[in-house]
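Asks: Would you mind keeping the following structure in view while I ask a few things?
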Amino acid sequence: MRELLVEHPFFADLDSETLDLLAGCARNERIGAGARILHEGDPANSFYAIREGKIALGSYVPGRGFTTVSTIGAGEVLGWSWLFPPYKWHFDAEAREDVSALSLDGACLRAKCDADPKLGYHLSQRFAKVMEARLGITLALLVDIYHS
Amino acid sequence: MIPRVHRVRERIQEQGDSVTLVIEPTDGEWKPFESGQFNMLWAFGVGEVPISISGDPSEPGRVYHTIHDVGAATHALCSLTPGEELGVRGPFGRPWDVNAAKGRDVVLLAGGIGLAPLRPVVYEMLARRAEFGHIALLVGARTPGDLLFPDELKAWRERGDIQVETTVDRYELGWSGHVGVVTTLMPLVAGDMAQTMGFVCGPEIMMRFGARSLMDRGVSEDDIQVSLERNMQCAVEQCGHCQFGEFFVCSDGPVFRWGRVAPMVGVREL
């Protein structure tokens, strides 16, 4: 498991001790195309480091069905609601293709972060970077960058 | 400075509000062009606008322009039908520096109508394929219905020697591709990008986001080429309308290295 973590960009440059802590909360998952991965309102128990495949993020809209807001793929991570109370998903996600991902257990990670603030710092920093990137994407979307 | 009369040979209705006009000179004297150059197209009785050439530089005799129908002059041009005439001045401007990418990996980043000025670069690079490393063409549009040249994108993807990725801002039923702005495609380009040459074309705000995302991946600002849009009127640096700091976009550009123009892009007064 540790070797798989090292291969994923989200965990790049973490020291051996931190990787060992993370590996204890991780498992390898395969998710078939079309499967629902996250459901709005459900407990946020984990996050996914995507190794292969494409995942659509969005919401179910009455009359329109699943409405995709963005897609993410290999090298990216899915889900940060496991980090913050009330630990519930705020959106839906489904696999657009067969997905291979590392799933990291939220409760396990939170307990380890409480015991080891260094781990909590590493993870918070990395998720903050993901959030910054997603906010930038949202800003680009809102300003309509293709409008001449 | 005097427009030469051209005749519309073919009118291709593109997706969205764009039209490609295939035109040829009535006097038979075709002028060669380089990828990234533009012509001033004159819709008689309406006005003149700068439009990038979107065709293959190695195809003599005809000139392709892909025009977005956004104003009076572009609407008049988009409404022309085969056999009708228009005035043409050009070609003008500094082209894309395709040779600067020889021996290197390439990322072509196009947003919206920005794929039209980059299409000649794709033709040129595919014709000289062995001279370049990995070529990635990343294309973004608002909706699937706004994606330019979808058949060509499909054909290029099927060649296998160019990575073609497309994304849209707004998902529509039936779309199975990526959803998100064009910069979200960047992680799909594998490898170290420190030696990559980037070509970015689209509305200026898109180019700012695009250049930034390339630099985030390690591309030097001087290895990023952008094609700027400004109010070009005379096209021969006499009128000053397209002055951009120390540059005239009509002759010093429209293609610039990002490092030269980045400090000025986004300055409200320019």
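The values are calculated or read from the model by the stated rules, or taken from the named source; none is laboratory data. Just so you know, these numbers come straight off a predicted model, no measurement behind them. Neighbour counts are summed over all protein chains in view; Cβ atoms, including those assigned to glycine, are modelled from backbone coordinates with ideal geometry. Ligands, DNA and RNA are excluded from the accessible area calculation, which covers all protein heavy atoms including side chains. Shrake-Rupley method; radii C 1.70, N 1.55, O 1.52, S 1.80 Å.
Asks: Enter the mean number of other protein chain beta carbons within 10 Å of the beta carbon of each residue in B:197-205, as an integer.
Replies: 2
Asks: A further question on this structure: Which value, in debye to the nearest 20, describes the size of the charge dipole of the protein assembly as shown about its Cα centre when Lys and Arg Cβ atoms bear +1, Asp and Glu Cβ atoms bear -1, and nothing else is charged?
Replies: Here the size comes out at about 260 debye.
Asks: Okay, moving on. Working out 0.36 nm times the residue gap between B:THR143 and B:ILE2, then minus their Cα-Cα distance, what length gain in nm do you get to one decimal?
Replies: On the way: separation 141, 0.36 × 141 = 50.76 nm, distance 3.94 nm.
Full-extension gain reported as 46.8 nm.
Asks: For B:THR196, enumerate residues with amide H under 5 Å from its amide H, sequence gap 5+ or separate chain, H modeled in the peptide plane.
Replies: Those qualifying (amide H under 5 Å, at least 5 residues apart or on another chain) number zero.
Asks: Report the one residue of B:VAL107, B:TYR123, B:GLY93 whose Cα lies farthest in the direction of the positive end of the charge dipole of the stretch B:69-133 (charges on C-beta: Lys and Arg +1, Asp and Glu -1; origin at the Cα centre).
Replies: Checking the options against the dipole of the stretch B:69-133, the answer is B:VAL107.
Asks: Averaged over B:174-183, how many beta carbons belonging to a partner chain fall within 10 Å of each residue's beta carbon? Walk me through the intermediate numbers first.
Replies: Values: counts 0, 1, 6, 3, 8, 12, 11, 11, 3, 5.
Across the residues of B:174-183, the mean count of other-chain Cβ atoms within 10 Å is 6.
Asks: Ok, one more. Could you tell me how many degrees, from 0 to 90 and to the nearest 10, lie between the Cα long axis of helix B:150-159 and the main elongation axis, the longest principal axis, of the Cα atoms of chain B?
Replies: 50 degrees
Asks: Could you tell me which GluC sites (Glu not before Pro) in the stretch B:140-239 are loop residues by DSSP with no more than 13 other beta carbons within 10 angstrom of their beta carbon?
Replies: For GluC sites (Glu not before Pro) across the stretch B:140-239 that sit outside H, G, I, E and B with at most 13 neighbouring Cβ atoms in 10 Å, the list reads B:GLU172.
Asks: Would you work out the charge dipole size for the stretch A:2-146 about its Cα centre, treating the Cβ of every Lys and Arg as +1 and the Cβ of every Asp and Glu as -1, and quote it to the nearest 20 debye?
Replies: Dipole of the stretch A:2-146, to the nearest 20 debye: 280 debye.
Asks: If pairing requires two Cys Cβ atoms under 4.7 Å apart, which cysteines of chain A are left without a partner?
Replies: A:CYS113
Asks: For the B and A pair, go ahead and give the buried accessible area with a 1.4 Å probe, both sides summed, in Å² to 100.
Replies: What B and A bury together is about 1800 Å².
Asks: Still on this model: Whose amide H sits under 5 Å from the amide H of B:ARG94, counting only residues 5 or more places off or on another chain, with H placed in the peptide plane?
Replies: B:GLY253, B:VAL255
Asks: Set Lys and Arg Cβ to +1 and Asp and Glu Cβ to -1, take the dipole of the stretch A:2-146 about its Cα centre, and tell me which of A:GLY73, A:ILE37, A:TYR60 lies farthest positive.
Replies: Of the candidates, A:TYR60 comes out farthest on the positive side.
Asks: For the stretch A:56-61, take each phi angle, set θ = phi - 60°, evaluate the Karplus expression 6.51 cos²θ - 1.76 cosθ + 1.60, and give the result in whole Hz per residue in order, putting x for glycine and proline.
Replies: Couplings: 9, 9, x, 9, 7, 10 Hz.
Asks: Scanning chain A for helices, which whole DSSP H stretches are 27 Å or more long along the axis (Cα) and average -0.5 or more by Kyte-Doolittle? Can you show the working numbers first?
Replies: Numbers: long enough: A:117-142 (36 Å, 0.36).
Correct list, ordered by number: A:117-142.
Asks: Another question, then. Take every DSSP beta bridge whose two residues both sit in the protein assembly as shown, then give the antiparallel share in percent to the nearest 5.
Replies: The antiparallel proportion sits near 75 percent.
Asks: Counting only protein heavy atoms, what percent of the accessible surface of the stretch A:2-146 is carbon or sulfur at a 1.4 Å probe?
Replies: Here it works out to 55 percent.
Asks: Enter the angle in degrees (range 0 to 90, nearest 10) between the Cα long axis of helix B:204-216 and the first principal axis of the Cα atoms of chain B, meaning the one along which they spread out most.
Replies: Taking the Cα atoms of chain B, the angle to B:204-216 is about 30 degrees.
Asks: How many nm is it between the label spots at A:ASP116 and B:ASN99, if each spot is 7 Å from the Cα in line with the beta carbon?
Replies: Here the answer is 5.7 nm between the modelled labels.
Asks: Using DSSP, restrict attention to beta bridges with both residues in chain B and report what percent are antiparallel, rounded to the nearest 5.
Replies: Approximately 60 percent, going by the DSSP bridge assignments.
Asks: Per residue, how many Å² of accessible area does the protein assembly as shown show with a 1.4 Å probe?
Replies: Per residue, the protein assembly as shown has 44 Å² of solvent-accessible surface.
Asks: Find the all-direction average of the projected area of the Cα convex hull for the stretch A:2-146, expressing the result in square nanometres with one decimal place. Present the calculation step by step, with values, prior to reporting the outcome.
Replies: On the way: hull surface 37.2 nm².
Seen from a random direction, the Cα hull of the stretch A:2-146 projects 9.3 nm² on average.
Asks: Which value in nm describes the separation of the simple spin-label points at A:ARG64 and B:ARG9, placed 7 Å from the Cα toward the beta carbon?
Replies: In this crude label model, A:ARG64 to B:ARG9 measures out at 4.4 nm.
Asks: Now for a separate question. Counting Lys and Arg as +1 and Asp and Glu as -1, each charge on the Cβ, what is the dipole of chain B about the Cα centre in debye, to the nearest 20?
Replies: The dipole of chain B has a size of about 140 debye.
Asks: For a test of understanding, tell me how many lysine pairs in the stretch A:2-146 have Cα atoms under 22 Å apart, given they are 8 or more places apart or on different chains.
Replies: 5
Asks: Whose amide H sits under 5 Å from the amide H of B:THR166, counting only residues 5 or more places off or on another chain, with H placed in the peptide plane?
Replies: Close amide H contacts, sequence-distant or interchain: B:VAL139, B:HIS178.
Asks: Mind listing which chymotrypsin sites (Phe, Trp or Tyr not before Pro) in the stretch B:1-77 are in a DSSP loop and have 14 or fewer other Cβ atoms within 10 Å?
Replies: For chymotrypsin sites (Phe, Trp or Tyr not before Pro) across the stretch B:1-77 that sit outside H, G, I, E and B with at most 14 neighbouring Cβ atoms in 10 Å, the list reads B:TRP30, B:PHE44.
Asks: Here is a follow-up. Can you give the mean number of other chain Cβ atoms that lie within 10 Å of the Cβ atoms in peptide A:48-59?
Replies: The shielding value for this peptide is 1.
Asks: Still on this model: Would you kindly derive the ³J(HN,Hα) couplings of the stretch B:32-49 from the backbone phi angles with the Karplus curve 6.51 cos²θ - 1.76 cosθ + 1.60 (θ = phi - 60°), listing them in order in whole Hz, with x for Gly and Pro?
Replies: The phi angles translate into x, 9, 10, 3, x, 6, 10, 10, 8, 9, 10, 7, 3, x, 10, x, 10, 9 Hz.
Asks: What list of ³J(HN,Hα) values in whole Hz, one per residue of the stretch B:225-233 in order, does the Karplus curve 6.51 cos²θ - 1.76 cosθ + 1.60 (θ = phi - 60°) give from phi, with Gly and Pro shown as x?
Replies: Coupling constants for the stretch B:225-233: 9, 10, 10, 7, 9, 9, 6, 7, 10 Hz.
Asks: Another question, then. Find which of B:GLY28, A:PHE91, B:PHE132 sits farthest along the positive direction of the dipole of the protein assembly as shown, computed with +1 on the beta-carbon of Lys and Arg, -1 on that of Asp and Glu, about the Cα centre.
Replies: A:PHE91
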